[in-house]
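Where a number appears in this text, it was derived from the coordinates with a stated rule and is not lab data. Note that the coordinates shown come from a computational prediction; the quantities given were computed from them, not determined experimentally. Using ideal geometry, Cβ is built from the backbone for each residue, glycine included, and neighbour counts are taken over all protein chains shown.
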Amino acid sequence: MAYLTAKQFSEKWGISERRIIKLCKEQRINGAVKRGMVWEIPEETLKPSDKRSNIYKYINIPKRVMIINPKKEVQEELENLLAREGYIIECSDLSKISDFGILEPYYEGLIYFPINNLDKKEENFIISFSEKLNAESSMVIVDYKSTNRNKVEKKLANNLKNKIGLKINTLILDIPQDKEVLVNYKEIAEDITELLVKFKNTTGMSIVTDGGKIEFDSKGRTENLEIGRFYKAINSYFRELNKESHLWCASTMLEDEWTESSQEMKFRVINLEMANRGVNVERIFIFSKAKNKEFKKNKTLKIYMQSNIKTMYVDYDKVAKTNPKLLEIVANGWDGIDKRALIVDLPEESSERGYISKNTKEIEEAYNCFQELKKYSEDLKEILK
């Protein structure tokens with residue numbers, strides 16, 4: 001979907017830019033999203049009617065979506081995606097809705113996360129809520145695999161299709177509930193949004209997703225991950241970091257890591273985005289001073305040095321001579337997230353890219369190593385100037 005600015009819509013609609021910004025702030029322009037200091041509006045958005053008009057309330061009904069029993073991990077991602085599609089989002093738990101009169105009279109969609117395997121109470125709620133929907137509405141049920149639930153969903157899909165013509169689709173989560181698992185909730189939110197928004201002529205569709213699941217073993221480690229899964233996992237971690245987070249990193253295999261591959265370029269962008277939103281990012285680059293001339297030309301290092309990332313240099317030869325144990329701990333490099341996760345690189349000759357560890361001992365050893373390396377560090381900008 002393409003977006004235009006308030007200034008561009010001012011020319012398109014023949015009203016002032018100031019007026020359009022006011023309408024955006026009042027949530028009267030569907031799909032308007034503020035990015036920094038600029039309002040962006042879907043280019044196909046219709047001009048809102050004057051509130052003074054008697055027909056305003058009939059032709060400017062907001063596109064509302066109700067999310068029931070939302071999982072907090074996926075709720076924020078869902079709200080962001082649906083807002084870009086022009087929806088106003090309401091969230092609640094089933095237990096908090098005792099009076100249907102407190103809800104808005106019309107909705108364009110329902111996203112439902114079952115609690116008790118779609119028991120009779122939940123089934124009745126969905127049927128009752130459908131009275132606030134219409135033939136253009138959409139419903140998505142999100143739950144773990146269950147034969148009984150699938151039967152209920154099929155019955156609901158048939159009944160509601162015949163009753164009012166709305167579509168009801170299902171996202172089935174193939175994710176173990178009895179193991180520690182790393183899940184990409186953005187992927188799940190994207191699938192829900194697709195089922196809600198894109199499948200306008202489909203009902204009864206079921207999509208199975210594992211959310212890019214990665215399981216941890218009894219020692220708190222994942223298996224060694226191939227390139228695609230590795231980058232997906234770390235990008236998912238990095239997107240969650242905020243001003244309270246600390247990312248501490250040590251890199252040694254610079255010739256191989258800091259390349260112009262698409263994966264590394266995306267990784268670079270996410271690092272810059274983190275630093276710009278206030279994450280405390282510290283990166284130590286370990287190499288011999290003899291390679292200074294070579295790394296002065298490295299594009300990634302140049303970009304990092306111009307960003308909000310704290311870039312430090314440690315002389316490999318000096319550490320090898322005075323405290324070689326530190327280099328053993330660093331090995332091929334790692335990224336530490338607070339003291340809760342360690343993302344570890346594997347050697348270049350490995351067929352996999354790396355692994356993730358939540359092992360407390362391993363994280364603590366790496367963190368202490370990082371603090372010791374900082375004692376050897378210098379400003380990378382001064383080294384490569």
Practice task
In a Gaussian network model over the chain where Cα atoms closer than 10 Å are linked, find which of Ile303, Ile270, Ile188 has the largest mean-square fluctuation.
Solution key: Ile303
Exercise for the section: Report, in debye and to the nearest 20, how large the dipole of the chain comes out about its Cα centre when Lys and Arg carry +1 and Asp and Glu carry -1 on their Cβ. Expected result: 1440
Handout entry: In sequence order, calculated HN-Hα J values of region 70-82 (Karplus, 6.51, -1.76, 1.60; Hz; x Gly/Pro)
Key = x, 6, 4, 5, 9, 4, 4, 4, 4, 4, 5, 5, 5
Handout entry: For region 61-214, radius of gyration divided by Kirkwood radius, i.e. Rg to Rh on alpha-carbons
Key = 0.93
Completion exercise
Quick shape check on region 3-49: root eigenvalues a ≥ b ≥ c of the Cα gyration tensor, a/c under 1.5 is rounded, otherwise prolate if a/b tops b/c, else oblate, and it reads rounded
Exercise for the section: Scan around Arg353 for amide H atoms under 5 Å from its own, H built in the peptide plane at 1.01 Å from N, and keep only partners 5 or more places away or cross-chain. Expected result: Leu225, Glu226, Ile227
Practice task
Report the one residue of Ile214, Asn298, Ile126 whose Cα lies farthest in the direction of the positive end of the charge dipole of the chain (charges on C-beta: Lys and Arg +1, Asp and Glu -1; origin at the Cα centre).
Solution key: Ile126
Practice task
Determine the dipole magnitude for region 217-384: charges of +1 sit on the beta-carbon of Lys and Arg, -1 on that of Asp and Glu, nothing else is charged, the reference point is the Cα centre, and the result goes in debye to the nearest 20.
Solution key: 520
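Given the Cα-Cα distance of Gln306 and Ser206 and 0.36 nm per residue of separation, how much length would full extension add, in nm?
On the way: separation 100, 0.36 × 100 = 36.00 nm, distance 4.71 nm.
Length gained, Gln306 through Ser206: 31.3 nm.
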Handout entry: Dipole-positive endmost among Thr170, Ile67, Ile363 within the chain (Cβ charges, Cα centre)
Key = Ile67
Fill in the blank from the handout: Computed over region 152-284, the Cα gyration tensor eigenvalues, each multiplied by 5 and square-rooted, give semi-axes in Å (largest first) of 38, 18, 14
Exercise for the section: Could you line up Ser236, Ser218 from fewest to most neighbouring Cβ atoms inside 10 Å? Expected result: Ser218, Ser236
Practice task
Could you sort out which of Lys297/Lys374; Lys151/Lys198; Lys7/Lys186; Lys154/Lys200; Lys151/Lys358 sit more than 29 Å apart by Cα distance in this structure?
Solution key: Lys7/Lys186; Lys151/Lys358
Exercise for the section: With unit charges on the beta carbon (Lys/Arg positive, Asp/Glu negative), name the residue among Asn201, Thr252, Tyr376 whose Cα is farthest towards the positive pole of the charge dipole of the chain. Expected result: Asn201
Handout entry: Kirkwood hydrodynamic radius over Cα pairs of the chain, then Stokes diffusion coefficient at 37 °C and 0.692 mPa s, in µm²/s
Key = 135
Fill in the blank from the handout: Across Leu272, Leu171, Leu82, the residue with the highest GNM fluctuation in the chain (Cα network, 10 Å cutoff) is Leu272
Exercise for the section: Provide Thr45, Thr193 in ascending order of the number of other Cβ atoms located within 10 Å of each residue's Cβ, fewest first. Expected result: Thr45, Thr193
Exercise for the section: Would you kindly derive the ³J(HN,Hα) couplings of region 111-126 from the backbone phi angles with the Karplus curve 6.51 cos²θ - 1.76 cosθ + 1.60 (θ = phi - 60°), listing them in order in whole Hz, with x for Gly and Pro? Expected result: 10, 10, 9, x, 9, 10, 6, 6, 6, 4, 5, 5, 4, 5, 4, 4
Exercise for the section: Please give the per residue volume of the convex hull enclosing the alpha carbon atoms of region 236-342, rounded to a whole number of Å³. Expected result: 100
